[in-house]
Amino acid sequence: MYVPKYFKATDVNEISEFVQQNSFGTIVTTRKGKPIATHLPLSLSKIEEDYYITGHLAYGNPQWRTFENEEDILVMFQGPHAYISSSWYEHENVPTWNYQAVHMYGSASIMNEEELQQELTRLLQKYEQHRENPVLWDTLSPQVLEKELKGIVGFKIKVKEIQAAYKLSQNRNEKDYHNIIEKLQEEDDLDSKQMAQLMAKKNRET
């Protein structure tokens, strides 16, 4: 991923938090020279000094069969993004687009059944624990669990390289920056409002 110096993010802890908050990612591999991709919820965890991406695919999805021969699997995560009109600047310029994106490269291995159960337990806990009637691993019947486990393949990807771009108008002057936030807040779409909140938060942190 091309990342201009203004927008390069290098804080691994910050990137890890971003991935946890934007965990619906995209896995890209190749099959017979053709790129293939799957969109799915993923988890990122640190074991000793290494980071691992974990998740599962449907057994019928042929992508998991490409893992064995792929040295560099690409996993992509994306946060809020929004169109930035150059009419919001003090001086004449061209429009652009603000966004957050993280690319991770690594090698994959297939989970055994115990690892897959642990992964699914964590996944359900993350997305169900705050609900009134949470659907957790221990609350599902053995019959349902046995049937579902037969239909999926768990995997873990050891992360070898991280590329992160946070394009948040860092290259604009202070007046333009605050004006962009105000204009984004006036937009109707949710992404623009989320981008405004993100830029305001980043400004407070600097």
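The values are calculated or read from the model by the stated rules, or taken from the named source; none is laboratory data. Just so you know, these numbers come straight off a predicted model, no measurement behind them. Positions of Cβ are generated from backbone atoms using ideal geometry, with glycine treated the same way; all protein chains shown enter the neighbour counts.
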If we ask which residues in segment 53-101 are under 28 Å from residue 194 (Cβ atoms), outside any helix (DSSP H, G or I) and small (Gly, Ala, Ser), their number turns out to be 5
Search segment 107-143 for residues being among the charged types (D, E, K, R) and either loosely packed, with under 10 Cβ neighbours inside 10 Å or modelled with pLDDT under 90 (or both), and hand back the single one that is farthest from residue 61 (Cα to Cα). 132
Flagged in segment 15-27 as loosely packed, with under 13 Cβ neighbours inside 10 Å and either touching a strand residue (DSSP E or B) at 6+ places or on another chain (Cβ under 9 Å) or touching a residue at least 12 places away in the same chain (Cβ under 8 Å) (or both), in numbering order, are 21, 24
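Residues are listed down the side, and each one gets a yes or a no for (1) more than 19 Å from the chain's Cα centre (by Cα); (2) surrounded by fewer than 16 Cβ atoms within 10 Å (Cβ to Cβ); (3) within 21 Å of residue 22 (Cα to Cα); (4) touching a residue at least 24 places away in the same chain (Cβ under 8 Å):
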{"residue": "162", "(1), (2), (3), (4)": "no, no, yes, yes"}
{"residue": "165", "(1), (2), (3), (4)": "no, no, yes, yes"}
{"residue": "169", "(1), (2), (3), (4)": "yes, no, yes, yes"}
{"residue": "172", "(1), (2), (3), (4)": "yes, no, no, yes"}
{"residue": "179", "(1), (2), (3), (4)": "yes, no, no, yes"}
{"residue": "184", "(1), (2), (3), (4)": "yes, no, yes, yes"}
{"residue": "188", "(1), (2), (3), (4)": "yes, yes, no, no"}
{"residue": "191", "(1), (2), (3), (4)": "no, no, yes, yes"}
{"residue": "201", "(1), (2), (3), (4)": "yes, yes, yes, no"}
Answer yes or no: is there a residue in segment 6-24 that is assigned to a strand (DSSP E or B) and either within 26 Å of residue 113 (Cα to Cα) or touching a Lys or Arg at 6+ places or on another chain (Cβ under 6 Å) (or both). yes
When residues of segment 148-171 are limited to those that are in contact with a helix residue (DSSP H, G or I) (Cβ under 8 Å, 6 or more places away or on another chain) and at pLDDT below 95, the one farthest from residue 95 (Cα to Cα): 149
Among all residue pairs at least 6 apart or on different chains, which show Cβ distances below 6 Å where the first residue, located in segment 73-95, is within 30 Å of residue 38 (Cα to Cα) and the second is loosely packed, with under 12 Cβ neighbours inside 10 Å? 83/97
Check on residue 71, more than 20 Å from the chain's Cα centre (by Cα), charged (D, E, K, R), under 14 Å from residue 152 (Cα atoms) and loosely packed, with under 14 Cβ neighbours inside 10 Å: no
Tell me whether segment 34-51 contains one or more residues that are exposed (fewer than 14 other Cβ atoms within 10 Å of the Cβ) and in contact with a His (Cβ under 7 Å, 6 or more places away or on another chain). no
